[in-house]
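Contents: one structure, followed by commentary.
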Amino acid sequence: MTFFNKIKWVLSILMVFVLIVTTNLIDRNNFIRVKDSVVTIYEDRLIAKDLIFEMSKAVQEKEVAVAASDTTFFNQYNNKVNDDIQSLISRFEQTKLTLDESKVFDNLKENFQKLKTLENVFKDSDFVAKNNLATGINNLKENLDELSEIQINEGKRQMSISQKAIDTVELFTQIEIYLLVFLAIVIQIIVMYNPKQNKSSL
């Protein structure tokens, strides 16, 4: 094999190698984006949504007890419900929060502390002063509704990121196929090309 032929083969192999490495790096980056989005949807959205649902149920128990002036609930069960809510808040705090979500969550924690104070006032008033307590519960419910809405919007955003990454992978797969066909033709031309040798003068 002549030196020129060796160069042709090396160039051909290098072209294929560069194409494969480049497309693999692009695909890898897009798959990482899809993986991150799926993990985020599960860990930071679905789990958060479940925690919000559990908190909402606990707050609803309080709301029913206040409406019915259920003294038994506040004397025997309310502290346990508060501990459950606090546990759920601590778990929610471990999820990845957006800027807006963080603001609403801080407001929720503040309103929860205020609610516990209002509950003590309610008990000290022999379960008569319940107007402020009802307002405190409504504030907490509003915070939970806002957080729930954020989960839906963020979930949609992450799904959009995943879809864009998948679309990009599909696009580059198509481009890769066309490039491979093009390179196959170019390699054939390079390999088959044989420059005319100059005939020596007689």
Using the heavy atoms of the protein chains alone and a 1.4 angstrom probe, what is the accessible area of the range 20-179 per residue in square angstrom? 60 Å²
Distance between Cα centroids, the range 135-152 to the range 40-107: provide it in whole Å. 10 Å
Could you work out how much longer the chain between residue 180 and residue 87 gets when fully extended? Use 0.36 nm per residue separation minus the Cα distance between them, nm to one decimal. 27.8 nm
Using only the C-alpha atoms of the range 20-179, find the volume of their convex hull and express it per residue in Å³. 95 Å³
Scalar couplings 3J(HN,Hα) for the range 170-184 by Karplus 6.51 cos²θ - 1.76 cosθ + 1.60 (θ = phi - 60°), nearest whole Hz, x for Gly and Pro, are 4, 4, 5, 5, 5, 4, 4, 4, 5, 5, 5, 4, 4, 5, 4
Kindly list the residues of the range 138-168 that lie in the label zone of residue 46, defined by a backbone N under 14 Å from the point 7 Å along the Cα-to-C-beta vector. 155-156, 159
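The values are calculated or read from the model by the stated rules, or taken from the named source; none is laboratory data. Just so we're clear, the structure is a prediction, and the values are computed from it rather than from any experiment. All Cβ positions, even for glycine, are placed from backbone atoms using ideal geometry, and neighbour counts span all protein chains on display. Surface areas here come from the heavy atoms of the whole protein model, side chains and all, with no ligands, DNA or RNA. Shrake-Rupley method; radii C 1.70, N 1.55, O 1.52, S 1.80 Å.
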